[in-house]
1. State which residue is farthest from residue A:293 (Cα to Cα) when the search covers only the stretch A:360-388 and only residues that are within 11 Å of another protein chain (Cβ to nearest Cβ) and in contact (Cβ under 8 Å) with a residue 40 or more places away in the chain.
2. Check off (1) within 11 Å of chain B (Cβ to nearest Cβ); (2) touching a strand residue (DSSP E or B) at 6+ places or on another chain (Cβ under 6 Å) for residue A:57 and give me the number that stays unchecked.
3. Is it the case, given these coordinates, that residue A:265 is touching a helix residue (DSSP H, G or I) at 6+ places or on another chain (Cβ under 9 Å), assigned by TED's automatic domain parsing to the domain that holds residue A:175 and over 30 Å from residue B:133 (Cβ atoms)?
4. Just a yes or no: is a residue in the stretch A:127-136 in contact with a helix residue (DSSP H, G or I) (Cβ under 7 Å, 6 or more places away or on another chain) and within 14 Å of chain B (Cβ to nearest Cβ)?
5. How many residues does the stretch A:113-126 contain that are in a strand (DSSP E or B) and away from every other protein chain (no Cβ under 12 Å)?
6. Would you check if residue B:140 is touching a strand residue (DSSP E or B) at 6+ places or on another chain (Cβ under 8 Å), on the phi > 0 side of the Ramachandran plot and at the interface with chain A (Cβ under 7 Å from one of its Cβ atoms)?
7. Every residue in the stretch A:244-255 that is in contact with a helix residue (DSSP H, G or I) (Cβ under 6 Å, 6 or more places away or on another chain) and either more than 13 Å from chain B (Cβ to nearest Cβ) or without any contact (Cβ under 8 Å) to a residue 12 or more places away in the chain (or both), please.
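The values are calculated or read from the model by the stated rules, or taken from the named source; none is laboratory data. Keep in mind the model is a prediction, meaning the values are calculated, not measured. Please note: Cβ atoms are built from the backbone with ideal geometry, for glycine as well, and neighbour counts cover all protein chains shown.
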């Protein structure tokens, strides 16, 4: 149990505690965006037959420059019934199998068709416009590897190979417990001392956006009993998120309730702004994040710690690309903790320009809602001028 | 009706033909990732009461340096029943409303509590650790604007304001008709002249990845009657995609069937590789894309023409960010058409490096499946050396 650790150590401890991804069988139509746990290999040669690449005529090269009879036609999907021999042409469509004996396919724009005969140009070569068996992909070839993303083209390969399921890493299940007696559901008119619960829907959307599907959400009151009951109910979730009640106040029941439930605390408090009172624990395979109730702290906790853990559980990389940018205005970094500042990144000509979304106070999510990116400032950055060089990463919805 | 137009003209014609986005009411929990059609305004002042920002004691500044009795406690969510007057302190929790008369909240770490009294430090100031009513956001303020993306923090704002629905631009409905007698469904063992249908699942995944939800998919045989029937059945879809049968061969029934169905052709054929025989038409509000059957041509057609049209229908911007990169190997651009080359973009130090996924022939999707980005080469680019400067855009799943 560490005290007030730095943000890099915190992320490292989270990822070290995150279990390896677990493979499952996914129906192909549900596999988009997941990561393959096993390679994808060709079930036969592709093309599986010598394929005509153009609409035209299958011929032998010996017939170059000659006018020969057209003895039949093969459309795509039709099997051939005869061979091609010198002195006869077969009309053929793109994607159709070239019959045995075919040496070239001549585009229909390059021949002169008259009745049942066709005049073949003289400059034809062996193999012209024919894609030979296995030339694009040989049977058994490992086309995609374990760890590859199931992209649209990967799905097309899998479908071509006849895969109705693929082995991929399963998305984790997620349980969300918001806490706070001051919170009412969004559809309830709040009393004078109450506000509406905004963390539940935000967390759900952030989790869905990165591929989590199984999400349960509940709200616990600020009593140890109610919190204990909620925590016990979600023991089987892969990831448990709690919001609020995570500091050291009288009603901050989350750390105590988690300890009581058998969770092993890993850290509490990270030297960062926002989101200092972040509590992280494990319970068997379950990862548990006690996030602050402040929406901006909660948002940063999901972006920086929960999301990489979920990516690891899904077999994905855990790092976001850092882009170079210039600061769009002066900015003064104060305080002794690392600052994760929400910014608006905009393309100006060939460079990115980031403008901090500086709100009125640490709970102002109204200004922060305009952000599409995040800049990390070390506590010693001090006063930075307009045009200063920084790095930023996109929030995941804008990646 | 233009002939063999350039890719920029083609995209412009597609976007000009694309109708303006249509607003609908979306339940808040389904609105993530959509675009607001109307502003989002604060329903009351935030905070709605003077909010304690720390766990501690609400006091008057006149009591600086004094030891005073603690006369009660207010937790978050509890309404106050009394006022604060000089000579008494009230224990208060983060998020709780400061009762009338409160002039400062002193953090519990900064006081000495002994029984029912508390010693207040001498350096306290008016307003300390109190967030005044409306200081973060005033009632009626337009917090988010029409055109803003419904991000996680935007959802949190909407929930805070009590919005159970938001006015957003609706995602278009999509109909997909694949064609080709050589194609069998993925679960069917193909005959010797057949291959499995891979375009249907690829198109569905690409559309879902950009937010389309209502998708119907069918397969038409290469007869005018079957195709006509399929086209008539999907007259109400906002966007209709057909694959295959779009060239000028004997069985390329798509352009004719579309004309017969009352569609107005806009263009046929674009000076690009892959995907030259792209047919684009409209039928009332419906956008119709006749895409080539070749999976790589189909993929490019969706990426470059269909996706921007769908983005416009959803109220989103239609341009992708261009990133600078260096070529990872020599590359020779041949031919007279603009080349859209699938590449693998990788971060090497502080720069991007792109390597073309050059397959064995124009139908090799097996090599192309490793791509995560796209580079546009003009036909006159010629021979380019390793390290040459290029621009690329990410494929949407990797953005």
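1. A:368
2. (1)
3. Working: touching a helix residue (DSSP H, G or I) at 6+ places or on another chain (Cβ under 9 Å): yes; assigned by TED's automatic domain parsing to the domain that holds residue A:175: yes; over 30 Å from residue B:133 (Cβ atoms): yes.
Here the answer is yes, as residue A:265 does meet what is asked.
4. yes
5. 4
6. On the way: touching a strand residue (DSSP E or B) at 6+ places or on another chain (Cβ under 8 Å): yes; on the phi > 0 side of the Ramachandran plot: yes; at the interface with chain A (Cβ under 7 Å from one of its Cβ atoms): no.
It is false that residue B:140 is touching a strand residue (DSSP E or B) at 6+ places or on another chain (Cβ under 8 Å), on the phi > 0 side of the Ramachandran plot and at the interface with chain A (Cβ under 7 Å from one of its Cβ atoms).
7. None - no residue of the stretch A:244-255 is in contact with a helix residue (DSSP H, G or I) (Cβ under 6 Å, 6 or more places away or on another chain) and either more than 13 Å from chain B (Cβ to nearest Cβ) or without any contact (Cβ under 8 Å) to a residue 12 or more places away in the chain (or both), so the list stays empty.
Here is a yes/no grid of residues against (1) surrounded by 20 or more Cβ atoms within 10 Å (Cβ to Cβ); (2) at pLDDT 95 or above; (3) assigned by TED's automatic domain parsing to the domain that holds residue B:14:
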{"position": "B:348", "(1), (2), (3)": "no, no, no"}
{"position": "B:353", "(1), (2), (3)": "no, yes, no"}
{"position": "B:369", "(1), (2), (3)": "yes, yes, no"}
{"position": "B:374", "(1), (2), (3)": "yes, yes, no"}
{"position": "B:381", "(1), (2), (3)": "no, no, no"}
{"position": "B:388", "(1), (2), (3)": "no, yes, no"}
{"position": "B:391", "(1), (2), (3)": "no, yes, no"}
{"position": "B:394", "(1), (2), (3)": "no, yes, no"}
